[in-house]
Amino acid sequence: MTDLLIERARRGEPDAFVALIEERQVAMTRVATAILGDEADVADALQETLVSLWRELPRLRSVDKFPAWADTVLINACRLVLRRRGRVRVRQVALPDADSTAGFRLPSHESPETEIVDRDAFRRAFETLTADARAVLVLHHLEGQSVARIAAVLEVPVGTVKSRLYTARRDLERALAEER
């Protein structure tokens, strides 16, 4: 993503905005899917995100902040969708591919073969986590973002992200233990 492309999009050029979004589309969809699970909810969150990005982009002060800012808008849209649905419905998480769960392997003293968690058990355990817990796990393990970048995205201190990661991992481990 080039600074020039962001500048053009900030000036209201639709083609530049589309190019920016196309670069981030797969990652944005993956994050929203991991947090929300439901295809219709993902579509709602992505639409809400795109509208907000287009509307607020001229106010973005620094072009180098665009990726973190776009992720913040997406996470907030996912939270909004979760609030709207009241977290009453049961989620079905569809991770993009078999390799995507590799980042979610938990520490174990067992052999590598037994360390890989059954996909269905993982999905059920992941569903029990809060939106914030899912967000930090997805951003850190699936998207490979640093703790500092996640802190910027979620607009919280680095220590809070570390704490949320620890708690989310612990909660996921406990939920997986219950699934076994």
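The values are calculated or read from the model by the stated rules, or taken from the named source; none is laboratory data. Just so it is clear, the structure is predicted and the values come from calculations on it, not from any experiment. With ligands, DNA and RNA removed, areas are computed over all heavy atoms of the protein, side chains included. Shrake-Rupley method; radii C 1.70, N 1.55, O 1.52, S 1.80 Å.
Pairwise alpha-carbon distances in the stretch 1-58 exceed 16 Å for 44% of all pairs. In the context of the full protein assembly, Glu22 retains an accessible surface of approximately 120 Å², using a probe radius of 1.4 Å and ignoring ligands and nucleic acids. In sequence order, the stretch 132-137 has phi-based couplings of 5, 5, 4, 4, 5, 5 Hz under the Karplus curve 6.51 cos²θ - 1.76 cosθ + 1.60, θ = phi - 60°, and Gly or Pro positions carry x. The accessible surface of the stretch 1-79, taken with every protein chain in place and a 1.4 Å probe, is 50 percent carbon and sulfur.
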